[in-house]
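These notes are about the structure you will find just below.
The values are calculated or read from the model by the stated rules, or taken from the named source; none is laboratory data. Since we're looking at a predicted model, the values are computed, not measured. For the accessible areas, the whole protein counts, side chains as well, though only heavy atoms, and no ligand, DNA or RNA atoms are used. Shrake-Rupley method; radii C 1.70, N 1.55, O 1.52, S 1.80 Å.
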Amino acid sequence: MINQWHRSAVTVALCVSATVVAQSADERKEISKLIQTDELARLAVELQAKFERDEARVFAYLSKHPEHQRSFEKNGSTYYLARMDAEGNPVYITAKSAANSASRPTNRSSAEPIKAISLPGEGSR
C-alpha cells in the first residue's frame, strides 16, 4: 500500500515538474533561431575532411614503416598514433595504463607536458 502511494506521488511530482520547467513551443522556436545550424554543418564537414586527411596520412606512414604500430605500450604508458605533423613526423597521444599506475594522476603529472609554471592545490579527487 505504501509502495503504491510512493510510486503515485513520485509520478505526480515528475509530471508537475516537467510541465512547470519544460520549454514552451515559442521558447524552443526562439532557441532554434539562435543556433547557427549552417555554421555547425560547415564545421562538421570541415572537421570530418580533416580527420579523413589525418587518417590517410597515418595509414600511408604505417604502410611505409611496417615496424611501427598504431598503438603500443612502453614503460607503463599506452601510445596511440593520432596524426602526422606538417613535416611528416608521427604525433602520439599518451596515457598511463591504469593497471600500471599505483595512484591517480596528479596535477603535476598533468601539468608537466604543457610546461606549467605553477600549480594550484591538488584539487578534488
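Any residue that is hydrophobic (A, V, I, L, M, F, W, C) and open to solvent by 100 Å² or more (accessible area, probe 1.4 Å) - is there at least one of those in the stretch 57-65?
Yes, because at least one residue in the stretch 57-65 is hydrophobic (A, V, I, L, M, F, W, C) and open to solvent by 100 Å² or more (accessible area, probe 1.4 Å).
Scan the stretch 66-76 and tell me whether some residue there is under 18 Å from the mean Cα position of the chain (by Cα), open to solvent by less than 70 Å² (accessible area, probe 1.4 Å) and among the small types (Gly, Ala, Ser).
No.
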